[in-house]
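What follows is one structure encoded as structure tokens, with my remarks underneath.
The values are calculated or read from the model by the stated rules, or taken from the named source; none is laboratory data. The structure displayed is predicted, hence computed values, not measured ones. FYI the Cβ positions are ideal-geometry reconstructions off the backbone, even for glycines, and counts take in every protein chain you see. These accessible areas exclude ligands, DNA and RNA; they are computed on the full protein's heavy atoms, side chains included. Shrake-Rupley method; radii C 1.70, N 1.55, O 1.52, S 1.80 Å.
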Amino acid sequence: MAHEHSTDYLHHGKGLWSWLTTLDHKRIGLMYMIAILTFFFFGGIFALLIRLELMHPGTQFMSPTVYNQVMTLHGTMMVFMVIIPGIPAFLGNFVLPIHLGAKDVAFPRLNLFSWYIFIAGALIAASAVVFGGVDTGWTFYTPYSIQTYKGTVFMVLGAFVMGFSSILTGLNFIVTVHKLRAPGMTMNRVPLFIWSIYSTAIIQVLATPVLAITLLLLVMERTLGIGFFDASLGGDPVLFQHFFWFYSHPAVYIMILPAMGIISELVVTFSRKVVFGYTAIAYSSIGIAAVSFLVWGHHMFVSGQSEFAGKIFSFITMLVGVPTAIKMFNWVSTMYKGSIRMDSPMLFAVGFMFLFAIGGVTGIFLATLSIDVHLHDTYFVVAHFHYVMVGGTLMALMGGIYYWFPKMFGKMFNETLARITFALIFLGFNITFFPQFIAGVQGMPRRYQDYIPEYEWLNRISTIGSWLIGAGFLLVLYVLIQGLRKGKPAGPNPWGAKTLEWTIPSPPPHENFTTTPVVSGGPYEYR
Amino acid sequence: MKYMPLQASTFGEDWDLVWNFVLWSSIISCIILIGGMIYFIFRYQRKTDKDKTAYITHNTFAEFLWSFIPLVVFMGIAAWGWEVYKDMRTFPTDALEVNVTAQKWAWNMTYSNGRTLTGKLVVPVGKPVTILLTSKDVIHSFFIPSFRVKQDAVPGRRSKLWFQATREGNYHLFCTEYCGMNHSGMLGTVSVVAQADFDAFMAENPNAEVSPIELGKQLYQQQACIGCHTTDGKPLVGPSFQGIFGKSVKIKGGGTVTADENYIRESILNPAAKIVEGFPENQMPVYQGALNEDQITALIEFIKAQK
Ligand SMILES: [Cu+2]
Ligand SMILES: [Cu+2]
């Protein structure tokens with residue numbers, strides 16, 4: 001067999017200890033995967049419980065006190081522990097260095113350290129359940145968050161710590177993209193996935209510190225009684241909202257930009273065609289990242305913020321729609337005159353575009369001042385961000401997992417079952433969340449444990465849909481485990497893709513490339 | 001439209017127009033995008049794994065079109081939304097004013113004659129109504145779906161909204177800002193009645209409490225405001241209350257401020273924040289913590305009444 005240095009990364013070093021101390025970006029990526037899938041499992045259980053409680057008006061099995069905590073755990077886990085780290089830390093770690101033709105990220109030790117910070121933060125956040133619970137919702141609005149259960153402090157500290165993992169990962173990726181590209185790989189030749197991860201990293205580095213400071217102020221106010229946000233201590237509760245959304249709106253793009261990067265890769269590979277409008281797609285990622293810092297006030301149109309500020313925020317928010325539209329049209333144009341195959345990753349990519357289109361246009365409703373006055377904090381908002389976060393990010397993540405699974409493990413999964421998982425998740429998703437748009441338009445407020453009987457039929461449909469999604473993801477788990485155990489060998493390039501990761505064996509050798517690749521053209525040269 | 005809650009305020013029509021425009025332009029663009037995608041999926045199905053595909057890297061004109069057209073449409077929508085929103089935020093001067101104080105988990109309404117109600121708001125049909133909002137504890141949000149209005153009630157602040165009901169009947173009032181355990185139970189009814197019925201409602205006064213203005217007057221004397229602020233226009237240590245409400249005043253250190261509810265509130269709680277030009281500093285005691293929300297409301301109502 002080959003020399004020690006060319007064993008594949010899965011067998012390079014044995015035992016749990018070799019994983020926990022690994023500096024290999026591929027292994028660290030998989031370690032993120034295990035952590036994130038675990039959190040996703042719990043977050044998903046909470047979601048199913050929420051839907052079950054809301055199936056009928058009145059209390060089914062969760063009192064308001066319990067419901068509010070479950071709702072908060074679902075939100076915080078899904079946002080801070082699943083969707084934000086999901087694509088960059090997991091798929092980004094695995095794919096980014098190989099996409100660039102590099103042996104690893106720029107700072108492998110820092111990369112491993114980021115994983116430990118993430119786990120530590122997650123544990124601190126989870127300990128909130130033991131130390132009195134949290135019921136603030138994932139937004140921690142003051143002054144409520146200052147007055148309620150003690151567990152809030154742990155949850156907030158956990159989010160604070162996880163933020164550092166996000167900042168350091170972003171920093172690592174920025175340096176890697178600048179410094180470790182293979183000879184000949186100019187910035188105009190990197191795959192579009194890199195552009196999206198790069199734009200995301202910029203937001204991670206610039207916006208996350210603001211969240212960190214905000215959360216720290218909140219903890220100081222709670223523990224030391226310093227009045228930043230509490231009116232009775234001379235603070236301003238709305239100030240917290242400004243700080244919080246200054247991070248959390250850009251964070252929406254931390255969640256969605258990497259997803260867009262995956263979609264670019266999938267559409268190209270499964271259309272066997274050069275991408276349409278490389279430059280426009282690449283720069284629209286940067287454009288979205290830049291504008292995302294200037295729109296936070298659209299979460300606060302009815303908070304008492306001045307009308308003039310509301311007007312400015314409404315117009316700037318509309319601008320985000322433009323680069324988003326460019327991306328959507330360019331993906332569809334890439335399919336024009338292509339050679340399209342609807343394998344499971346492409347099904348998820350198409351599902352993404354379908355759901356993200358709806359998520360996108362409903363964002364325009366919410367950015368429109370007069371319309372938002374009615375829709376703000378109703379189920380319309382809940383449906384909108386689930387179309388973007390689940391219909392967008394999670395669909396792309398699923399597509400990405402199926403797409404890179406053969407590369408990660410050298411084995412194929414059962415394609416038929418994988419297509420069934422798509423059908424279940426896609427249908428279930430629409431059945432769950434589309435009725436919520438209608439409930440919102442009719443005025444049903446979000447974060448309600450109980451509701452008036454008029455909304456019952458919509459909620460019942462929604463709950464039934466959630467079971468389909470649950471079944472879909474359980475089947476995904478089965479497909480992945482079965483693929484791992486019994487999958488047929490995948491070969492280096494099962495999808496006929498062009499980017500660098502498909503030029504090396506599956507699973508890749510420990511050092512990725514035995515000889516450094518030299519790049520002489522764009523990433524998608526189907527001629 | 002059936003799926004919308006009944007519209008029963010003067011905003012309803014304009015609001016529904018903007019809504020319909022955004023809805024239909026969204027549906028059309030989704031059909032173009034998703035329809036195109038589905039058509040391509042079937043039209044360009046893969047035949048063999050060696051298929052040659054067109055090498056089209058970009059098309060500047062097409063890309064310009066699908067950035068420029070959305071841009072124009074989006075800006076148009078934003079401008080239209082702003083126009084309707086502007087009406088929602090332009091307050092009529094002849095409105096009936098109702099003070100609403102939110103607390104965990106109830107809505108308390110106080111009318112100018114001192115009549116108070118909990119969980120029920122009674123207003124006359126066809127007359128503008130301004131709701132002056134504040135909160136005793138955490139942030140709540142005042143939402144009447146049928147009127148298309150919503151505004152947060154923030155502790156330590158005064159916010160407002162207005163509407164004019166067009167149809168008699170009972171409508172839902174919801175709290176839409178998460179406020180803890182019984183958030184979903186913080187409901188109320190808005191009862192829109194004929195003017196005559198409203199007058200009768202105002203005349204019967206089961207509480208028989210003092211009106212906010214009356215209470216404000218008592219506080220004005222008890223809290224010794226009277227020592228420095230007259231009600232006849234003569235300035236003493238501080239400005240006179242006569243005609244001060246709604247006036248633009250010059251501030252020490254530059255700038256002007258409108259003497260509205262928020263400014264008066266701030267000046268009571270923290271007098272040093274914005275001193276009117278020409279008056280001494282550090283004369284007035286800080287009332288932060290000394291007055292409760294109801295008392296502050298009463299004082300503001302009293303000052304407003306000094307026309
Ligand atoms: Cu936002
Ligand atoms: Cu509430």
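Rg ratio for the range A:2-503: its Cα radius of gyration over 2.2 N^0.38 Å, N being its residue count, equals 0.95. The spacing between the range A:472-527 and the range A:57-82, judged by their C-alpha centroids, is 38 Å. Ignoring aspartates and glutamates fewer than eight residues from residue B:104 along the same chain, the ones with Cα atoms less than 20 angstrom from its Cα are A:135, A:230, A:236, A:377, A:450, B:137, B:152, B:177, B:293, B:294. Considering only beta bridges that DSSP places wholly inside the protein assembly as shown, some 70 percent are antiparallel.
With a 1.4 Å probe on protein heavy atoms only, tell me which residues of the range A:374-396 lose at least 30 Å² of accessible surface in the complex relative to the chain by itself. Residues meeting the cut-off: A:374, A:377. Along its principal axes, chain B has C-alpha extents of 93, 50, 36 angstrom, given from the largest down. Taken residue by residue and averaged, Cβ atoms of other chains lying within 10 Å of the Cβ of A:270-282 number 5. Percent of Cα pairs in the range B:212-304 per distance bin of 5 Å, from zero to the largest separation: 3, 14, 25, 31, 19, 7, 1, 0. Averaging 1/r across all pairs of distinct Cα atoms in the range B:96-203 and inverting the result yields a Kirkwood radius of 13.7 Å.
Give me the accessible area per residue for the protein assembly as shown, probe 1.4 Å, as a whole number in Å².
Values: 31230 Å² over 834 residues.
For the protein assembly as shown, the solvent-accessible area averages 37 Å² per residue.
Which longest uninterrupted range of chain B lacks any GluC sites (Glu not before Pro) assigned by DSSP to a loop state (not H, G, I, E or B) and surrounded by at most 16 other Cβ atoms within 10 Å? Longest site-free region, per DSSP loop and neighbour criteria: B:1-167.
A DSSP coil position with no more than 10 other Cβ atoms inside 10 Å describes none of the GluC sites (Glu not before Pro) in the range A:427-509. Within the same chain, lysines fewer than 8 places from residue A:486 are excluded, and of the rest, those with a Cα less than 26 Å from its Cα are A:14, A:26, A:407, A:411.
Of the two radii for the range B:160-213, the radius of gyration is 1.05 times the Kirkwood radius, both from the alpha carbons; that is the Rg over Rh value. Residues of the range A:302-320 that bury at least 20 Å² of accessible area when the other protein chains are present, relative to the chain alone (probe 1.4 Å, heavy atoms, ligands and nucleic acids excluded): A:302, A:303, A:304, A:307, A:311, A:315, A:318, A:319. Note on the protein assembly as shown: with neighbouring protein chains present and a 1.4 Å probe, carbon and sulfur make up 65 percent of its accessible heavy-atom surface.
Work out the P(r) tail for the range A:106-191: percent of alpha carbon pairs separated by more than 19 Å, whole number.
53 percent
Taking A:179, A:407, B:307 and ordering them by how much accessible surface each has at a 1.4 Å probe, largest first, produces B:307, A:179, A:407. Taking all protein chains as shown and a probe of 1.4 angstrom, residue A:149 keeps an accessible surface of around 80 Å².
Which residues, if any, in the range A:401-444 lose at least 30 square angstrom of accessible heavy-atom surface (probe 1.4 Å) when the other protein chains sit next to their chain rather than the chain being alone? Residues passing the criterion (a loss of at least 30 Å², heavy atoms only) are A:441, A:442. Using the structure shown, select from B:136/B:247; B:127/B:160; B:120/B:150; A:498/B:52; B:150/B:274 the pairs with a Cα to Cα distance greater than 20 angstrom. Result: B:136/B:247; B:150/B:274 exceed 20 Å.
Loop-located chymotrypsin sites (Phe, Trp or Tyr not before Pro) across the range A:44-147 with a Cβ neighbour count of 10 or fewer within 10 Å are A:61, with loop assigned by DSSP.
Interface between chains A and B: roughly 7500 Å² of accessible area buried, both sides summed (probe 1.4 Å, protein heavy atoms only). For the peptide A:355-367, the mean number of other protein chain Cβ atoms found within 10 angstrom of a residue's Cβ is 4. In straight-distance terms, cross-link reach from residue B:86 covers every one of the aspartates and glutamates whose alpha-carbon lies under 12 Å from its own, apart from those fewer than eight places away in the same chain; here that gives A:307, B:14.
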